[in-house]
Amino acid sequence: LKDQFDNLDKHTQWGIDFLEKYAKFVKERIEIEQNYAKQLRNLVKKYCPKRSPKDEEPRFTSCIAFFNILNELNDYAGQREVVAEEMGHRVYGELMRYSHDLKTERKMHLQEGRKAQQYLDMCWKQMDNSKKKFERECREAEKAQQSYERLDNDTNATKADVEKAKQQLNLRTHMADENKNEYAAQLQNFNGEQHKHYYIVIPQIYKQLQEMDERRTIKLSECYKGFADSERKVIPIISKCLEGMILAAKSVDEHRDSQLVIDCFKSGFEPPGDFPFEDYSQNIYRTISDGTISTPKQEGMRIDTKTTVGKAKGKLWLFGKKPKPQSPPLTPTSLYTSSTPNGSQYPIFSIEPVHYCMSDIKTGKPRIPSFRSLKRGGPALEDFSHLPPEQRRKKLQQRIDELNRELQKETDQKDALIKMKDVYEKNPQMGDPSSLQPKLTETMSNMDRLRMEIHKNEAWLSEVEGKVAARSDRRHSSDINHLVTQGRESPEGSYTDDANQEVRGPPQQHTHPNEFDDEFEDDDPLPAIGHCKAIYPFDGHNEGTLAMKEGEILYIIEEDKGDGWTRARRHNGEEGYVPTSYIDVTLEKNSKGAVTYI
């Protein structure tokens with residue numbers, strides 16, 4: 001059975017090698033998962049928008065859907081990292097620990113088997129030595145007996161020689177009997193040890209090796225299962241990520257994107273009016289009626305056919321020259337009127353100066369900076385007078401909203417300082433009230449500065465809205481002989497069929513800074529600009545947050561500013577911030593007071 005012991009030695013070594021081979025396979029799979037997750041995160045980072053929260057690029061639904069898909073892909077990469085971590089902890093780490101224990105146990109069992117074999121070999125050697133010694137003594141005794149018999153039969157041998165041979169025979173016979181007994185004892189001992197070795201010791205060692213190999217097989221089976229469970233555990237979350245991508249794809253709204261483009265690039269300018277008819281044949285008829293070709297003409301009536309229409313100094317109408325006083329040629333600067341508080345100019349267009357429009361078109365010089373140049377960092381003025389009216393109105397409204405938020409923060413800080421000052425006055429041991437006076441004075445100064453800024457921007461806003469409304473009136477009055485479109489343009493930059501919303505008067509301007517206190521002390525709730533549906537539940541334990549249940553409908557009163565939170569309100573009036581990724585937002589197109597970040 002010695003060769004079988006060697007075979008078991010080889011088999012157990014092969015089992016450990018196979019275990020380590022599978023552990024190496026799991027390690028390489030973990031590296032693949034980690035690299036895959038890392039590459040996915042780098043891909044998401046590469047295509048995520050690198051912009052500040054104040055970036056005003058249009059938030060198209062297709063772009064928002066793509067950003068949501070990137071977020072879901074980032075979560076998917078996180079799940080791949082979870083798979084790698086679970087495999088490393090539950091499978092690879094367990095395999096390496098078990099492989100070390102398995103090697104130690106195998107070494108111990110093999111050492112026990114070798115010791116048992118060595119002990120049996122030692123017993124066999126002892127038995128063999130006693131056997132050889134007994135065989136040698138028996139041969140010596142036979143020789144002594146033959147010598148005694150020869151001397152006893154020899155008549156010439158002396159009696160002393162015969163006695164000496166007899167004594168030698170007795171000695172050899174006695175030694176042979178002793179070696180015989182020793183050989184018998186060693187043989188009995190060896191047979192017993194051999195029976196014990198092959199029926200007790202070796203089977204027990206083989207059984208231990210068998211149990212060890214079966215445990216190794218069971219451990220491999222458990223690792224196979226753990227390997228699959230690591231992947232199966234993340235399947236529900238991965239499915240949610242894929243569902244989120246599908247929902248993001250379904251949220252793409254082409255009409256809303258088109259409306260965003262319209263709102264973004266709407267200028268508020270009126271289209272140019274019709275060109276009047278200029279009768280150049282009037283000079284021919286007048287020459288014929290005068291009866292001579294060489295009649296001198298006035299300098300102002302000479303028409304050079306090589307000059308453009310916009311450079312003509314006199315215009316001829318269908319039934320003769322229009323009677324009006326001679327005026328200097330119009331220039332681009334004469335079409336602007338300085339009426340804003342900071343002296344900025346805004347364009348006033350009418351139908352009459354057609355020659356300026358024609359010259360402007362032919363020379364190719366735009367009257368306002370293009371939107372592309374503005375995006376590239378063109379000249380920007382404080383009152384945004386370099387922008388078209390509609391874009392200027394939006395910029396001013398956005399600045400007013402930001403100033404109002406800053407003023408509200410300063411107001412809250414002032415109230416907190418006043419309360420703290422009252423506490424210090426009542427309890428002097430808590431602090432010195434005079435130490436808060438510089439901070440309180442600075443806060444009041446900031447509030448006055450913000451109120452002046454708000455007043456100035458509201459004046460510009462009312463001016464822009466008044467001019468837009470005036471242009472709208474002029475356009476409607478001059479479109480008698482033209483087709484009227486069904487949709488009317490509202491001052492907010494959107495289109496509506498309600499005639500009552502076409503013209504909005506300028507807001508009431510405040511002449512005294514103190515009148516702003518009443519405005520900011522108004523606690524009216526913000527108007528709803530849309531609604532949302534909770535996709536996931538949210539606990540809302542932190543201060544300022546709003547708890548919600550899955551499927552709950554809330555009003556949206558302020559959009560996400562880029563920090564991942566949206567302000568919402570319940571039907572009972574409770575307000576707070578909720579995570580933007582937990583809700584499905586639907587905004588109203590013509591909502592008043594909507595804060596839109598595009």
Those residues of segment 528-552 which are under 15 Å from Glu588 (Cα atoms) and open to solvent by 40 Å² or more (accessible area, probe 1.4 Å), in sequence order: Ala528, His531, Lys533
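Would you be able to say whether some residue in segment 461-482 is at pLDDT 65 or above and basic (Lys, Arg)?
Yes, segment 461-482 contains a residue that is at pLDDT 65 or above and basic (Lys, Arg).
For the condition over 30 Å from Lys207 (Cβ atoms) and among the charged types (D, E, K, R), what is the one hit in Glu94, Glu86? Break it down stepwise before answering.
Values: Glu94 fails: over 30 Å from Lys207 (Cβ atoms).
Every option except Glu86 fails the conditions.
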Pick from segment 80-91 the residues that are open to solvent by less than 60 Å² (accessible area, probe 1.4 Å) and not hydrophobic (A, V, I, L, M, F, W, C): which of them is nearest to Thr12 (Cα to Cα)? Gly88
Would you mind stating whether Phe134 is in contact with a Pro (Cβ under 9 Å, 6 or more places away or on another chain) and surrounded by 13 or more Cβ atoms within 10 Å (Cβ to Cβ)? no
Name the residues in segment 523-542 that are more than 25 Å from the chain's Cα centre (by Cα) and without any contact (Cβ under 8 Å) to a residue 24 or more places away in the chain, would you? Asp523, Asp524
Of all residues in segment 1-49 being open to solvent by less than 90 Å² (accessible area, probe 1.4 Å) and not in a helix (DSSP H, G or I), which is farthest from Tyr76 (Cα to Cα)? Pro49
Yes or no: Ala157 modelled with pLDDT under 85 and either in a helix (DSSP H, G or I) or more than 30 Å from Lys115 (Cα to Cα) (or both)? yes
Which of the residues belonging to segment 379-416 are touching a residue at least 24 places away in the same chain (Cβ under 8 Å) and charged (D, E, K, R)? Glu382, Asp383, Glu390, Arg392, Arg393, Lys394, Arg399, Asp401, Glu406, Glu410, Lys414
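Residue by residue, here is whether (1) in contact with a Phe, Trp or Tyr (Cβ under 6 Å, 6 or more places away or on another chain); (2) hydroxyl-bearing (Ser, Thr, Tyr); (3) modelled with pLDDT of 90 or more holds:
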site	(1), (2), (3)
Ala185	no, no, yes
Gln194	no, no, yes
Lys207	no, no, yes
Lys219	yes, no, yes
Lys225	no, no, yes
Ser230	no, yes, yes
Ile237	no, no, yes
Ser251	no, yes, yes
Cys264	no, no, no
Identify the residue in segment 80-138 that is more than 60 Å from the chain's Cα centre (by Cα) and among the aliphatic types (A, V, I, L, M) and, among all such residues, is nearest to Phe18 (Cα to Cα). Ala116
Of the conditions (1) surrounded by 12 or more Cβ atoms within 10 Å (Cβ to Cβ); (2) of a type in the set (A, V, I, L, M); (3) assigned to a helix (DSSP H, G or I); (4) free of Cβ contacts under 8 Å to residues at least 40 places away in the same chain, Met96 fails just one. Which one is it? (4)
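The values are calculated or read from the model by the stated rules, or taken from the named source; none is laboratory data. On a predicted model such as this, the values are computed, not experimentally measured, just so you know. Methodologically, a virtual Cβ is constructed for each residue, glycine included, from the backbone with ideal geometry; neighbour enumeration extends over all protein chains shown. With ligands, DNA and RNA removed, areas are computed over all heavy atoms of the protein, side chains included. Shrake-Rupley method; radii C 1.70, N 1.55, O 1.52, S 1.80 Å.
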